[in-house]
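Some notes on the structure that comes next.
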Amino acid sequence: MDLKNLTVFNMIDRNIEYLAAKQQVIAGNIANATTPGYLPKEIEKPAFEQEVGIAGMTLARTNAKHLSGVAKDKNAYHVYTPKPTQALTIDGNGVILEQQMNEASKTSSEYRRMISIYNKYKSLLRTATTKINS
(Lines give C-alpha, C1' and ligand atoms only; values in the text may rest on other atoms or scores of the structure.)
Protein backbone atom coordinates (compact mmCIF):
# COMPACT_ATOMS: atom_id res chain seq x y z
CA MET A 1 0.00 0.00 0.00
CA ASP A 2 1.39 3.38 -1.00
CA LEU A 3 0.75 5.71 1.94
CA LYS A 4 1.07 8.81 -0.27
CA ASN A 5 -2.25 7.87 -1.91
CA LEU A 6 -4.05 8.52 1.39
CA THR A 7 -5.13 12.13 1.94
CA VAL A 8 -3.60 12.51 5.41
CA PHE A 9 -0.24 11.15 4.32
CA ASN A 10 -0.29 13.24 1.14
CA MET A 11 -0.93 16.41 3.15
CA ILE A 12 1.85 15.54 5.60
CA ASP A 13 4.23 14.83 2.72
CA ARG A 14 3.47 18.18 1.07
CA ASN A 15 3.90 20.05 4.34
CA ILE A 16 7.23 18.31 4.99
CA GLU A 17 8.41 19.31 1.50
CA TYR A 18 7.42 22.92 2.20
CA LEU A 19 9.22 22.89 5.56
CA ALA A 20 12.38 21.52 3.92
CA ALA A 21 12.24 24.31 1.31
CA LYS A 22 11.73 26.86 4.11
CA GLN A 23 14.80 25.55 5.96
CA GLN A 24 16.85 25.99 2.76
CA VAL A 25 15.75 29.63 2.48
CA ILE A 26 16.59 30.25 6.15
CA ALA A 27 19.97 28.55 5.76
CA GLY A 28 20.71 30.80 2.78
CA ASN A 29 19.81 33.87 4.83
CA ILE A 30 22.09 32.78 7.68
CA ALA A 31 24.92 31.97 5.27
CA ASN A 32 24.67 35.50 3.83
CA ALA A 33 24.49 37.29 7.18
CA THR A 34 27.74 39.12 6.43
CA THR A 35 27.27 39.64 2.69
CA PRO A 36 27.12 43.36 1.91
CA GLY A 37 23.79 44.42 0.44
CA TYR A 38 22.07 41.07 1.05
CA LEU A 39 18.41 41.20 2.04
CA PRO A 40 16.84 38.13 3.67
CA LYS A 41 14.44 36.06 1.61
CA GLU A 42 11.18 34.53 2.76
CA ILE A 43 9.08 31.70 1.42
CA GLU A 44 5.33 31.79 1.06
CA LYS A 45 3.40 28.69 2.00
CA PRO A 46 1.50 27.45 -1.05
CA ALA A 47 -2.27 27.72 -1.06
CA PHE A 48 -4.07 24.50 -0.29
CA GLU A 49 -7.15 23.58 -2.27
CA GLN A 50 -10.13 22.10 -0.50
CA GLU A 51 -10.26 18.31 -0.48
CA VAL A 52 -13.54 16.61 -1.29
CA GLY A 53 -14.62 14.31 1.53
CA ILE A 54 -16.85 11.25 1.66
CA ALA A 55 -19.94 11.25 -0.61
CA GLY A 56 -18.92 14.53 -2.28
CA MET A 57 -19.15 16.61 0.91
CA THR A 58 -16.34 19.07 1.56
CA LEU A 59 -14.33 18.83 4.72
CA ALA A 60 -14.92 21.58 7.28
CA ARG A 61 -12.03 23.36 8.97
CA THR A 62 -13.04 23.85 12.61
CA ASN A 63 -9.70 25.36 13.59
CA ALA A 64 -7.42 27.74 11.67
CA LYS A 65 -4.47 25.40 12.35
CA HIS A 66 -6.07 22.46 10.51
CA LEU A 67 -4.58 21.59 7.15
CA SER A 68 -7.11 22.34 4.46
CA GLY A 69 -6.11 20.03 1.63
CA VAL A 70 -3.40 19.26 -0.87
CA ALA A 71 -1.22 21.89 -2.50
CA LYS A 72 -2.20 22.61 -6.11
CA ASP A 73 1.39 22.42 -7.34
CA LYS A 74 3.98 20.41 -5.45
CA ASN A 75 6.79 22.86 -6.23
CA ALA A 76 4.79 26.09 -5.98
CA TYR A 77 6.91 27.68 -3.28
CA HIS A 78 7.17 31.39 -3.85
CA VAL A 79 10.50 32.72 -2.54
CA TYR A 80 10.63 36.49 -2.35
CA THR A 81 12.59 39.35 -0.79
CA PRO A 82 10.28 41.49 1.33
CA LYS A 83 10.85 45.20 1.80
CA PRO A 84 13.02 45.68 4.90
CA THR A 85 11.17 46.84 8.01
CA GLN A 86 14.27 46.93 10.21
CA ALA A 87 17.31 49.15 9.90
CA LEU A 88 20.03 47.71 7.67
CA THR A 89 23.64 47.35 8.77
CA ILE A 90 26.18 49.87 7.57
CA ASP A 91 27.05 47.64 4.59
CA GLY A 92 23.37 47.26 3.62
CA ASN A 93 22.79 43.76 4.99
CA GLY A 94 19.29 43.14 6.36
CA VAL A 95 19.75 39.71 7.99
CA ILE A 96 18.98 39.60 11.72
CA LEU A 97 20.56 36.37 12.94
CA GLU A 98 18.37 36.05 16.03
CA GLN A 99 15.24 36.28 13.90
CA GLN A 100 16.54 33.71 11.40
CA MET A 101 17.57 31.31 14.17
CA ASN A 102 14.12 31.66 15.73
CA GLU A 103 12.48 30.87 12.37
CA ALA A 104 14.79 27.87 11.93
CA SER A 105 13.81 26.60 15.38
CA LYS A 106 10.07 27.00 14.68
CA THR A 107 10.42 25.27 11.32
CA SER A 108 12.34 22.40 12.91
CA SER A 109 9.64 22.00 15.57
CA GLU A 110 6.93 21.96 12.91
CA TYR A 111 8.91 19.37 10.94
CA ARG A 112 9.18 17.12 14.02
CA ARG A 113 5.44 17.56 14.63
CA MET A 114 4.66 16.44 11.06
CA ILE A 115 6.89 13.37 11.49
CA SER A 116 5.12 12.58 14.77
CA ILE A 117 1.68 12.85 13.12
CA TYR A 118 2.90 10.67 10.24
CA ASN A 119 4.15 7.98 12.62
CA LYS A 120 0.93 8.08 14.65
CA TYR A 121 -1.27 7.61 11.57
CA LYS A 122 1.02 4.85 10.30
CA SER A 123 0.69 3.12 13.67
CA LEU A 124 -3.10 3.48 13.56
CA LEU A 125 -3.19 1.94 10.08
CA ARG A 126 -0.96 -0.92 11.21
CA THR A 127 -3.26 -1.57 14.18
CA ALA A 128 -6.37 -1.41 12.01
CA THR A 129 -4.97 -3.89 9.47
CA THR A 130 -3.60 -6.40 11.98
CA LYS A 131 -5.65 -9.54 12.46
CA ILE A 132 -7.22 -9.82 15.90
CA ASN A 133 -6.52 -13.56 16.29
CA SER A 134 -3.01 -13.67 14.86
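Key figures for this structure:
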| quantity | calculated |
| --- | --- |
| Count of the stretch 87-121 residues which are open to solvent by 50 Å² or more (accessible area, probe 1.4 Å), assigned to a helix (DSSP H, G or I) and under 21 Å from A31 (Cβ atoms) | 9 |
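One line per residue, one yes/no per condition, for (1) closer than 15 Å to Y18 by Cα; (2) modelled with pLDDT under 95; (3) of a type in the set (V, I, T); (4) in contact with a strand residue (DSSP E or B) (Cβ under 7 Å, 6 or more places away or on another chain):
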| site | (1), (2), (3), (4) |
| --- | --- |
| A31 | no, no, no, no |
| G53 | no, yes, no, no |
| N63 | no, yes, no, no |
| A71 | yes, yes, no, yes |
| K74 | yes, yes, no, no |
| H78 | yes, yes, no, yes |
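The values are calculated or read from the model by the stated rules, or taken from the named source; none is laboratory data. Remember, predicted model here, so these are calculated numbers, not experimental data. Counting neighbours? That spans all protein chains shown, and the Cβs are built from the backbone with ideal geometry, glycine included. Each accessible area value is taken on the protein alone, full model and side chains, heavy atoms only, with ligands, DNA and RNA left out. Shrake-Rupley method; radii C 1.70, N 1.55, O 1.52, S 1.80 Å.
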